[in-house]
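Undergrad: I am attaching a structure below and will ask some questions about it afterwards.
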Amino acid sequence: LGALACVDRKLPLPVVALASFCAYAVGNTAGFGPLTAGAIRYRFYTPHGVEPEDLARIIAFVTAAFGFGLACVGGIGLLVAPDQLVALSLPPELLRLAGAAILLALAALCLAAGRGRELHIRSFALRLPSSAILARQYLASVIDISAAASVLWILLPDGGPPLPAFVALYAVAVALGVLSHVPGGLGVFETIMVTALNRYLPLDAVLSALVLYRVIYHLVPLAVAVLLLALIEARRFAATP
């Protein structure tokens, strides 16, 4: 909804909800989110009159919002639980300073958006959304990432790091998995989490939780999304004269 508001478009809520679910389910697992999830949004939104340039802005907004959410969650974790993040091999004072810097940068971006400023990348200019839209997107992204991290945290046996520190580790692992361009961050995410949790929990318990997490957070949503997309495309084909 925030991305649509950014381009001044309103679509039926069921369409937006279905498009978002399918896009995230496929993008989270297949990787290359701007392309894979963007293609799905294209199939949902263009029949409702969304122009390609607006769709490009929507995809850019959603991609940036996820990155901002990771940064916000990681910054909060670094600020409130640096002593628990020994896996990062950095002094707690430096981690706390880094967390504060990240949050200040995000706050500055939100204030800049409220003044109608633009980001310039060479010849490309991107007008920032309003502060209200950006703040809501921060909140939505933080809730989404924290909820996903909580799923994995609950699957782990007792004895792991506290939830705030774990959410920060999760954000770092997801970010590095995305940057690796490996589909779903497979292998990269697991390596970081195993390394970080090795001092807390036995290896077999961590690996079991990671496998269950992949099934719950990736495979099940992907299967549901593929089924929904197949049904929607079949209905469109049947309705074509």
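Undergrad: Could you go through region 137-148 in sequence order and give the Karplus-derived ³J(HN,Hα) for each residue, using 6.51 cos²θ - 1.76 cosθ + 1.60 with θ = phi - 60°, rounded to whole Hz, and x for Gly and Pro?
TA: 6, 3, 4, 4, 5, 5, 5, 4, 5, 5, 5, 5
Undergrad: Still on this structure: Read phi for every residue in region 72-81 and hand back ³J(HN,Hα) as whole Hz from Karplus 6.51 cos²θ - 1.76 cosθ + 1.60, θ = phi - 60°, with x for Gly and Pro.
TA: Per-residue couplings from phi come out as 5, 4, x, x, 4, x, 5, 6, 9, 9 Hz.
Undergrad: Still on this structure: Within region 50-74, which residues have the backbone N less than 14 Å from the label spot 7 Å out from A112 along Cα→beta-carbon, could you tell me?
TA: 68
Undergrad: Please turn the phi angles of region 172-180 into ³J(HN,Hα) values with the Karplus equation 6.51 cos²θ - 1.76 cosθ + 1.60 (θ = phi - 60°), one per residue in order, whole Hz, x for glycine and proline.
TA: With the stated coefficients, region 172-180 comes to 4, 5, 5, 4, 5, x, 5, 5, 6 Hz.
Undergrad: Taking 0.36 nm per intervening residue step and subtracting the Cα-Cα distance, what contour gain separates V194 from V220 on full extension?
TA: Here the answer is 7.1 nm.
Undergrad: Hey, another quick one. How many percent of all Cα-Cα pairs in region 124-173 sit more than 16 Å apart?
TA: Cα-Cα pairs in region 124-173 separated by more than 16 Å: 51 percent.
Undergrad: Still on this structure, I have one more. Round to a whole number: what % of the accessible area of the chain belongs to carbon and sulfur, probe 1.4 Å? Walk me through the numbers on the way to the answer.
TA: Values: 9230 of 13040 Å².
Carbon with sulfur: 71 percent of the solvent-accessible area.
Undergrad: As a test of the formula, what do you get for the chain when each DSSP H run with n ≥ 4 contributes -39,500 (n - 2.57) and the sum is divided by the residue count, at 222 nm and rounded to the nearest 500 deg cm²/dmol?
TA: Calculated at 222 nm, the ellipticity per residue is -24000 deg cm²/dmol.
Undergrad: Between 0 and 90 degrees, rounded to the nearest ten: what's the tilt of helix 220-239 against the longest Cα principal axis of the chain?
TA: That works out to roughly 0 degrees.
Undergrad: Okay, next question. Using a 1.4 angstrom probe on the protein heavy atoms only, line up D8, D144, D204 by accessible area, largest first.
TA: Values: D8 135, D144 65, D204 105 Å².
Highest to lowest solvent-accessible surface, that is D8, D204, D144.
Undergrad: Now, a different point. What percent of all Cα-Cα pairs in the chain falls into each 10 Å bin, going from 0 up to the bin containing the maximum distance?
TA: Result returned by the calculation: 7, 28, 33, 22, 9, 1, 0.
Undergrad: Angle between the Cα long axis of helix 13-30 and the longest principal axis of the chain, 0 to 90 degrees, nearest 10?
TA: 50
Undergrad: Any idea which of A132, V26, P92 is furthest toward the positive side of the dipole for the chain, if Lys and Arg beta-carbons carry +1 and Asp and Glu beta-carbons -1?
TA: Projecting each Cα onto the dipole axis, the largest value belongs to A132.
Undergrad: Gain in length, A101 to R43, computed as 0.36 nm per residue apart minus the alpha-carbon separation, to one decimal in nm?
TA: Values: separation 58, 0.36 × 58 = 20.88 nm, distance 3.92 nm.
Difference between extended and current length: 17.0 nm.
The values are calculated or read from the model by the stated rules, or taken from the named source; none is laboratory data. The shown structure was predicted, so the numbers you read here are calculated from the model rather than taken from an experiment. Every residue, glycine among them, receives a Cβ derived from its backbone with ideal geometry; neighbour counts consider all protein chains shown. Side chains are part of the model used for accessible areas, which takes the heavy atoms of the whole protein and leaves out ligands, DNA and RNA. Shrake-Rupley method; radii C 1.70, N 1.55, O 1.52, S 1.80 Å.
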